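Following: one structure in structure tokens, then a few remarks.
All of the numbers you see were taken from the coordinates with simple rules; none came from a lab. All values reported here derive from a predicted model rather than from experimental measurement. Cβ sites come from the backbone with ideal geometry, for glycine too, and all protein chains shown count toward neighbours.
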Amino acid sequence: MRLTILGGGGFRVPLVHRALLEDARRDTPGRMTELVLYDTDSMRLRVIESVLTAQAEDVPGAPEVRIARDLDEALRGADFVFSAIRVGGTAGRVRDERMALGEGVLGQETVGAGGVLYGLRTIPEALRIAERVAAVAPDAWVINFTNPAGMVTQAMAEVLGERVIGICDSPVGLVRRAARAAGADPERVTFDYVGLNHLGWLRSLRMDGRELLPELLANGDALTSFEEGKLFGRELLQVLGVLPNEYLHYYYFRRETLRSVLEAAETRGEFLDQQQGGFFDAANASPEQAYSLWERTRLHREETYMAESRAVTGGWQRDSCDLDGGGYDQVALALMRAIARDERTRLILNVPNGTTVPELDRQAIVETVCEVGADGARPLACAPLSEHQLGLMFQLKAVERATIDAAVHHDRKAALRALALHPLVDSPAAASRILDRAGFSGSGSGGSAARRQEITAV
């Protein structure tokens, strides 16, 4: 079977490859035997290919790695397509975050004004990819990890329907940490998780028919022993009665997190831009050291994840078990296994809502527990949502759809609606100035020639 990775020069591609090597070591039937990489940056591709070569050394049956010359070549014959592109590169993220912070609002790449700006730049390219998949690989399943993941999956679903599935590592990390804190085996628990990407809540955690969450919430020591407990604090979690996704810290502690980001020497985007730029330059100059350089850089990246939010709550260090790479690679592998082999499993994924959240329309992409098999992912029924949860979901879904409209039609009014409606943007005047800073003029479909050139960079 063939897996194609779009954004094949991405820093985290070796994590997906590492997961594939686990299948090779076990000689798992139906495993991926070919990995095709596509990226417009040839230097990054060379570096990542060097990392993969070293990582696969002495692994019998490791998937063959091949570099594609163009998008159609990469897609043709693929069984699965993993989309992990970054339109505009890390430099684009730096600009997004600084433009938002310049108006005194949060600008993280999937949250707030930064997420809207990133969506405006990314959605046209994501739709182009979806159209090419439909044309040259109509039987392929697309696994979307491109951020903002929920928004991009929503846009691609207009072309690919249920054959595009969004993934994220945050929910599975939350479930595993909560299970360990409750003294349960993470592999045996069942759970109720629902929301949008980077905006969800773990509302039930059960093992052997016993509900564990109320007891965990009541146990202050256990509750504050893991990341989300430390981030949100015992008092708020006991008030909410659920465990929020870590990204909700930007919403619940907006004032504190904004102050922390403004006081920091650099934004997260600036840190990653410098870190990854340094890694690729060094690894390109010394390809024989590419793997060791990558492993060292990866560990530092994980250690500094969400540092601005952790600074708000004491600046604690992440646990060693949370530094393995996030887990999205394992979610992707589990999803591919379930579809390719019809191995029924349950995963938290971004899929069309159906009737899971009756208040939302059937095509709205939600992030929730799904039953996965050869026919794809089907969201399971869940308990009714609270007014608070529904309210945030409705508001952010409106932002997502306005952003998609703005990106497709290059419509400034829709872009302004997306920013002005966002709960982390507290002024429509600031929203308008952010669009001006971004050069989003609404000058007709497609915008300027310079903009068209930028959005084709995978």
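Using a Debye calculation, one point per C-alpha and no hydration shell, please list log10 I(q)/I(0) for the range 171-252 at q = 0.14, 0.20, 0.21, 0.25 Å⁻¹ in order. Evaluating at q = 0.14, 0.20, 0.21, 0.25 Å⁻¹ gives log10 I(q)/I(0) of -0.38, -0.81, -0.90, -1.30.
Across the chain, where is the longest run that never hits trypsin sites (Lys or Arg not before Pro) in a DSSP loop with at most 14 other C-beta atoms within 10 Å? All intermediate terms of the calculation are to be shown ahead of the outcome.
Numbers: sites that count: R69, R188, R344, R362.
Longest stretch, sites excluded: 189-343.
From its DSSP helices (H runs of at least four residues, each -39,500 (n - 2.57)), the chain gives a residue-normalised ellipticity at 222 nm of -15500 deg cm²/dmol.
The calculated Kirkwood hydrodynamic radius for the range 2-166 is 16.6 Å, given to one decimal from all distinct C-alpha pairs. Evaluated with a Cβ-only charge set (Lys, Arg +1; Asp, Glu -1), the chain carries a dipole of roughly 700 debye about its Cα centre, given to the nearest 20.
The C-alpha atoms of the chain occupy a region whose extents along the principal axes are 57, 52, 43 Å, arranged from largest to smallest.
One equal scatterer on each Cα of the range 111-242, no solvent, Debye formula: the resulting log10 I(q)/I(0) at q = 0.18, 0.20 Å⁻¹ is -0.94, -1.03. In the chain, Cα pairs under 8 Å separated by at least six residues give a relative contact order of 18 percent. When exposed loop sites are taken as GluC sites (Glu not before Pro) in a DSSP loop with at most 12 other Cβ atoms within 10 Å, the longest stretch of the chain clear of them is 188-358. Near the amide H of R66, within less than 5 Å, lie the amide hydrogens of L35, V36, L37, all on another chain or at least 5 residues away, with H placed in the peptide plane. Of the beta bridges in the chain, as assigned by DSSP with both residues counted there, near 55 percent are antiparallel.
In order along the range 240-253, the phi-based Karplus estimate (6.51 cos²θ - 1.76 cosθ + 1.60, θ = phi - 60°) of 3J(HN,Hα) comes to 6, x, 9, 10, x, 4, 4, 6, 5, 4, 5, 8, 6, 10 Hz; Gly and Pro are listed as x.
Computed about the Cα centre, the dipole magnitude for the range 171-252 is approximately 60 debye when only Lys and Arg (+1) and Asp and Glu (-1) carry charge, each at its Cβ.
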